[in-house]
Amino acid sequence: MTAPLLDLRGVTALYGSSQALFGVDLTVEAGQVTALMGRNGMGKTTTIRTICRLLPNRAGEVFLDGHELSGLPPHRVARMGVGLVPEGRRCFAPLTVRENLTAAARPGAWGLDRVVGLFPRLGERMAQRAGTLSGGEQQMLAIGRALMTNPRLLILDEATEGLAPTVRAEIWQAIGTLKRESGLGILLVDKSLRELSAVADSAVILDKGRSVWAGRIEELSPDLAASWLGV
Ligand code: ATP
């Protein structure tokens, strides 16, 4: 058996003296989508920050393709193939769409043409400053920017939050296309169980900083979803 693309084992993390993660186990396989779920404040963003080394883990291990990430600075993790689409998008507002995309570029299958193929709207707005884009367009830009780094693992933190339904549908469609056509492993945080169920292969549920359930997403029964997610 080959190692998972991403493998977290018993990860714990602190903000100062306050512990936020108490033991997170999670895997993402190449070419598959893992949904990271849990109610507000249960540690989803913190888990992502720990994977990207924006927050050090105190104990446990994070492996990418069998290589331990602990101790590496965030830019090294990015260079090893972790593309993050952070909560809140964080595009560089004064830069144009083209500049946002090319600033992040690394050689590989993803370049401007392929990003525009995925999000044609970005192609129409290459010279526009990112700060003047709509929320949905900024989200597309944030995903495009992460793809331009040619990652092996793409992490999306609440990529559809705050967007209008039609734009959300466009983002979900793009995620489905990425899953079918890119071969990337994808780790997805989102509140919409229905949309997650349609695209994810597996799921991990966090409760108070611990992974309390993991399995195939179709095995997540309504009872389990109600007890862990309150839906
Ligand atoms: P949400 O769905 O609301 O984004 P989440 O599952 O992503 O929630 P986290 O943001 O990871 O949850 O928060 C996990 C815990 O860590 C919470 O108790 C939160 O208050 C705490 N926390 C998050 N960020 C910080 C910080 N910068 N400093 C201190 N505590 C923090």
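The values are calculated or read from the model by the stated rules, or taken from the named source; none is laboratory data. None of the values given here were measured: they were computed from a predicted structure. Quick reminder, even Gly has a Cβ in these numbers, built from the backbone with ideal geometry, and neighbours come from all protein chains shown. Keep in mind that these areas ignore ligands, DNA and RNA; they rest on the heavy atoms of the full protein, side chains included. Shrake-Rupley method; radii C 1.70, N 1.55, O 1.52, S 1.80 Å.
Which FRET efficiency value, to the nearest 0.05, do you get for Thr166 and His75 by plugging their Cβ-Cβ distance into 1/(1 + (r/R0)^6) with R0 = 30 Å?
After rounding to 0.05, the efficiency reads 0.25.
Once both labels are modelled 7 Å past Cα along the beta-carbon direction, what's the Ser18-Thr96 spacing in nm?
Output for this residue pair reads 4.3 nm.
Of the accessible area of the chain, with the probe set at 1.4 angstrom, what percent is carbon plus sulfur?
Of the solvent-accessible surface of the chain, carbon and sulfur hold 52 percent.
For the chain, build the charge dipole from Cβ charges (+1 Lys, Arg; -1 Asp, Glu) around the Cα centre, then report which of Gly111, Ser182, Ala164 sits farthest towards its positive end.
Gly111
Provide the per-residue ³J(HN,Hα) series for segment 160-170, in order, calculated from phi with Karplus coefficients 6.51, -1.76, 1.60 and θ = phi - 60°, each as a whole number of Hz, with x at glycine and proline positions.
Values, residue by residue: 9, 4, x, 9, 5, x, 5, 6, 4, 4, 5 Hz.
What accessible surface, in Å², does a 1.4 Å probe find on Phe22, ignoring ligands, DNA and RNA and rounding to the nearest 10?
80 Å²
Can you give me the distance in nm between label points at Gln173 and Ala198, each placed 7 Å from the Cα along the Cα-to-Cβ direction?
Roughly 1.1 nm, to one decimal.
Work out the length of the dipole vector of segment 166-230 about its Cα centre, built from +1 on the beta-carbon of each Lys and Arg and -1 on the beta-carbon of each Asp and Glu, and round it to the nearest 20 debye.
So the dipole magnitude of segment 166-230 works out to roughly 140 debye.
Per the helix-only calculation at 222 nm, which mean residue ellipticity applies to the chain, given -39500 (n - 2.57) for every DSSP H run of n ≥ 4 and division by its residues, nearest 500 deg cm²/dmol?
Only helices count here, giving -9500 deg cm²/dmol.
Can you work out the FRET efficiency for the pair Ser134 and Glu29, with r the C-beta to C-beta distance and R0 = 22 Å, to the nearest 0.05?
0.05
Write down the accessible area per residue of the chain in Å², having rolled a 1.4 Å probe over the full set of protein chains.
45 Å²
Could you give the size of the charge dipole of the chain about its Cα centre, using +1 on the Cβ of each K and R and -1 on the Cβ of each D and E, expressed in debye and rounded to the nearest 20?
In debye, rounded to 20, the chain gives about 660.
Pairs of Cα atoms under 8 Å, at least six residues apart: use those to get the relative contact order of segment 45-202, whole percent.
24 percent
So how strong a dipole does segment 1-112 carry about its Cα centre when Lys and Arg Cβ are +1 and Asp and Glu Cβ are -1, to the nearest 20 debye?
That gives a dipole near 400 debye.
Let me know the shape class of segment 154-231, please: from the alpha-carbon gyration tensor, a ≥ b ≥ c as square roots of the eigenvalues, rounded when a/c is under 1.5, otherwise prolate if a/b is greater than b/c, or oblate.
The shape class here is prolate.
From the P(r) of the chain, can you give the percent of Cα pairs sitting at distances over 28 Å?
When all Cα pairs of the chain are counted, 27 percent exceed 28 Å.
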